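The values are calculated or read from the model by the stated rules, or taken from the named source; none is laboratory data. Here the structure is a predicted model, which means the values were calculated and not measured. Cβ: placed from backbone, ideal geometry, glycine included. Neighbour counts: every protein chain shown. Accessible surface areas use protein heavy atoms only, side chains included; no ligands, DNA or RNA. Shrake-Rupley method; radii C 1.70, N 1.55, O 1.52, S 1.80 Å.
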Amino acid sequence: MERRDKYNYYLDIAQTVAERGTCIRRNFGAIIVNNDEIISTGYTGAPRGRKNCNELGRCIRAELKIPRGERYEMCRSVHAEANAIISAARRDIIGATLYLVCVDAQTGDLVEGTSSCSMCKRLIINAGISKVVVRDSNDKFRVIYVDDWIANDESIMGEFGY
């Protein structure tokens with residue numbers, strides 16, 4: 001049996017984390033890894049103590065037909081990347097890698113071509129994370145260097161994820 005490569009190993013774990021998500025549109029799972037150690041995990045869900053979209057049975061963004069990548073202030077959830085960053089000490093994630101997986105909540109299929117939203121990109125930059133690895137299929141992924149987001153300042157506003 002062939003051994004799973006490290007990128008897909010960590011993406012598999014992030015995909016399992018996404019199963020805890022409570023969004024009724026898309027569920028993300030994120031893990032932050034530094035020096036081959038998982039520092040923290042995060043998934044899409046409402047702030048602690050508040051009802052999740054799956055409990056309410058509704059998504060305000062879907063009801064208002066807000067397109068993907070717009071008006072995240074209307075979203076009830078805290079994004080997976082933000083939850084992973086919140087759960088970690090900055091000193092532990094400087095230079096780390098964030099692994100990100102997105103699953104369609106209706107079909108359970110992986111969402112190819114996904115990216116962090118502009119708000120999460122800013123959090124990732126400020127946290128000191130050096131790269132983001134995004135799963136496109138069970139074996140295919142993209143490696144994004146955070147320095148590219150910094151160098152191409154407009155990319156933060158021009159690319160939308162969720």
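Numerical summary
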quantity: The range 1-57: C-alpha gyration tensor shape, a/c 1.5 cut-off, then a/b vs b/c; calculated: oblate
quantity: Table column - 3J(HN,Hα) (Hz), the range 53-66, Karplus curve with 6.51, -1.76, 1.60, x for Gly and Pro; calculated: 4, 5, 6, 7, x, 8, 10, 4, 5, 5, 4, 8, 6, 6
quantity: Karplus-derived 3J(HN,Hα), 6.51/-1.76/1.60, for each residue of the range 73-87, Hz, glycine and proline x; calculated: 5, 7, 6, 6, 8, 8, 6, 4, 4, 5, 5, 5, 5, 4, 7
quantity: Contour minus Cα-Cα distance for Lys131 and Ala151 (0.36 nm per residue); calculated: 5.8 nm
quantity: In Å², nearest 10: area of Val143 left accessible to a 1.4 Å probe; calculated: 50
quantity: Nearest-20 debye value, the chain charge dipole, Cβ charges on Lys, Arg, Asp, Glu; calculated: 640
quantity: Cross-link partners of Lys6 among aspartates and glutamates (Cα-Cα below 18 Å; sequence separation of 8 or more within a chain); calculated: Asp36, Glu37, Asp136, Asp139
quantity: Length added when fully stretched, Leu64-Asn35, from 0.36 nm per residue minus Cα-Cα; calculated: 6.1 nm
quantity: Accessible area of the range 1-127 divided out per residue, in Å², using a probe of 1.4 angstrom; calculated: 55
quantity: Backbone N within the range 62-78 under 15 Å of label point (7 Å from Arg20 Cα along the Cβ vector); calculated: 78
quantity: For Asp136, distant residues with modelled amide H under 5 Å away; calculated: Phe141, Arg142
